[in-house]
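Below is one structure, written out as structure tokens, with a few remarks after it.
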Amino acid sequence: MIKVNVEVKNKSWHRKIKNKKDYFNKKLKKISKIFRNRNITFTILLTSSLQIKKLNKKFRKKNKPTDVLSFPNFEKKNIRFLKQKNYYIGDIAISFEIINSRSLKNNFQSEFDKVWVHGLLHLLGFDHIKNKDYFKMQKIEKRILNLI
């Protein structure tokens with residue numbers, strides 16, 4: 001089972017997603033089968049572009065806002081620990097303003113889902129530095145998005 005803690009640091013999120021805990025629980029229940037018997041927990045911080053810019057500068061040395069940041073609770077070489085019964089995999093921070101501006105071309109929830117799923121996969125050890133890793137991650141992202 002996958003569990004999420006949701007922290008809201010920007011009130012604009014309340015207008016777009018009413019009951020955040022239910023929103024995630026419904027979606028996570030649908031994708032739990034993909035992660036077979038892993039009891040994992042993570043946190044999502046719903047924040048502003050200004051706050052995410054500060055986080056990006058502090059942790060990645062990039063002085064600009066971004067859509068999503070992932071902070072895994074383990075090093076990639078230690079991913080085997082995810083087979084433990086209960087494991088906290090890390091944190092995801094998401095910028096309201098960036099998701100909202102992208103949603104002008106698409107649905108807000110659809111854009112939001114793409115971003116948090118992407119962040120979740122980073123917490124699970126996926127990356128997109130090499131082309132082969134990019135395609136592998138993209139394939140799993142699409143599979144998850146089709147389920148939810």
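Every number here is computed from the coordinates shown, using simple stated rules; none is lab data. From a predicted model like this one, the values you see are computed outputs, not experimental measurements. Every residue, glycine among them, receives a Cβ derived from its backbone with ideal geometry; neighbour counts consider all protein chains shown.
For the chain, what is the mean residue ellipticity at 222 nm derived from helices alone (per DSSP H run of n ≥ 4: -39500 (n - 2.57); sum divided by total residues; nearest 500 deg cm²/dmol)?
So the calculated ellipticity at 222 nm is -14500 deg cm²/dmol.
How big is the chain on each of its three principal axes, counting only the C-alpha atoms and giving the largest first in Å?
36, 34, 27
Where the centroid of each part is defined by its Cα atoms, how far is segment 36-77 from segment 80-148 in Å?
Each part reduced to its Cα centre gives a spacing of 11 Å.
At residue 19 and residue 75, where each label point lies 7 Å from the Cα along Cα→Cβ, what is the point-to-point distance in nanometres?
Roughly 4.3 nm, to one decimal.
Give me the percent of DSSP beta bridges within segment 1-146 that run antiparallel, rounded to the nearest 5.
Percentage antiparallel, nearest 5: 25.
Just the ratio, please: alpha-carbon radius of gyration of segment 105-148 over 2.2 N^0.38 Å, N its number of residues.
Compactness ratio reported: 1.16.
If the chain between residue 147 and residue 107 were fully stretched, how many nm would it gain, using 0.36 nm times the residue separation less the Cα-Cα distance?
Additional length available on full extension: 12.7 nm.
May I ask you to compute the full-extension gain from residue 39 to residue 128, defined as 0.36 nm times their residue separation minus their alpha-carbon distance, rounded to one decimal in nm?
Between residue 39 and residue 128, full extension yields 29.6 nm more.
Where is the GNM fluctuation largest for the chain (alpha-carbon springs, 10 angstrom cutoff): 70, 103, 49?
Result for the chain, Cα springs under 10 Å: 103 fluctuates most.
Take the cross-link list 29/142; 33/142; 30/58 and give me the ones stretching past 23 Å between alpha-carbons.
Flagged as over cut-off: 30/58.
Excluding residues fewer than 8 places away in the same chain, name every one of the lysines whose C-alpha is closer than 16 Å to that of residue 53.
9, 61, 62, 64
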